[in-house]
1. Return the pairs, sorted by first residue and then second, in which the second residue is within 14 Å of the ligand (Cβ to nearest atom) and among the small types (Gly, Ala, Ser), the first residue lies in the stretch 23-42 and is touching a residue at least 40 places away in the same chain (Cβ under 8 Å), the beta carbons are less than 8 Å apart, and the residues are 6+ apart or on different chains.
2. For the structure I just gave you, tell me whether Ile122 is in contact with a helix residue (DSSP H, G or I) (Cβ under 9 Å, 6 or more places away or on another chain) and of a type outside the set (D, E, K, R).
3. Whether any residue in the stretch 97-108 is part of a loop (DSSP other than H, G, I, E, B) and of a type outside the set (Lys, Arg) is what I want to check.
4. Among the listed residues Ser53, Ser29, Ser89, which satisfies the condition of being within 28 Å of Gln115 (Cα to Cα) and not assigned by TED's automatic domain parsing to the domain that holds Ile117?
5. For a quick check of your reading of the model, give me the residue pairs whose first member lies in the stretch 57-70 and is over 9 Å from Cys28 (Cβ atoms), whose second is of a type in the set (Phe, Trp, Tyr) and near the ligand (Cβ under 8 Å from one of its atoms), with beta-carbon atoms closer than 9 Å and at least 6 apart or on different chains.
6. Is there a residue in the stretch 82-90 that is of a type in the set (Val, Ile, Thr), surrounded by 12 or more Cβ atoms within 10 Å (Cβ to Cβ) and touching a Ser or Thr at 6+ places or on another chain (Cβ under 7 Å)?
7. Does Asp16 fit the bill of being within 16 Å of the ligand (Cβ to nearest atom), modelled with pLDDT under 95 and of a type in the set (Asp, Glu)?
Amino acid sequence: MAECLISELNNLFSKDSQSFVILYDIACSFHAHVMNSNCAIHTIKSKLNWGVSIFHAYAHSVKCQLKYHPRIQEDIGLTDGESLERIWSYLGKFVLNTKHMRPAHRLDILSLAIQHISQKMIYDLGNLILY
Ligand SMILES: [Zn+2]
């Protein structure tokens, strides 16, 4: 699945000058997998930079943290790689209301919720920068 997502991203941003930072709970293991020539995305390995998302980084070995901790990765600023965790946490509020819905209805509600939180995050971005 992760390989498919990265492959699709590479199709969207296919220029050699375009690269990706993959912040993932097990980026170290996934990086090793991608370095295997049998991996489906091995051919784009030079476009990929790897980091372990910050809340998971401390569960990895010191050697791993020295290579993959987001605070030592270049060009990613203070990104922590935990955005999806925040979205999952937000969507957890909808479990009781959506668990008995048909899948299409559940998808509608969750899509609207994601649109709402995205707009709120964009709206609040100015306040984050200001303070
Ligand atoms: Zn690791």
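The values are calculated or read from the model by the stated rules, or taken from the named source; none is laboratory data. Computed from a predicted structure; not experimentally measured. Every residue, glycine among them, receives a Cβ derived from its backbone with ideal geometry; neighbour counts consider all protein chains shown.
1. That search, which allows pairs on different chains as well, returns Leu23/Gly51; Leu23/Ser53; Leu23/Gly81; Tyr24/Gly51; Tyr24/Ser53; Tyr24/Gly81; Ala27/Gly51; Ala27/Ser53.
2. Taking the combined requirement at face value, the residue does not satisfy it.
3. So far as the stretch 97-108 goes, yes, one or more of its residues are part of a loop (DSSP other than H, G, I, E, B) and of a type outside the set (Lys, Arg).
4. Answer to the selection: Ser53.
5. Ala57/Tyr68
6. Among the residues of the stretch 82-90, not one is of a type in the set (Val, Ile, Thr), surrounded by 12 or more Cβ atoms within 10 Å (Cβ to Cβ) and touching a Ser or Thr at 6+ places or on another chain (Cβ under 7 Å), which makes the answer no.
7. no
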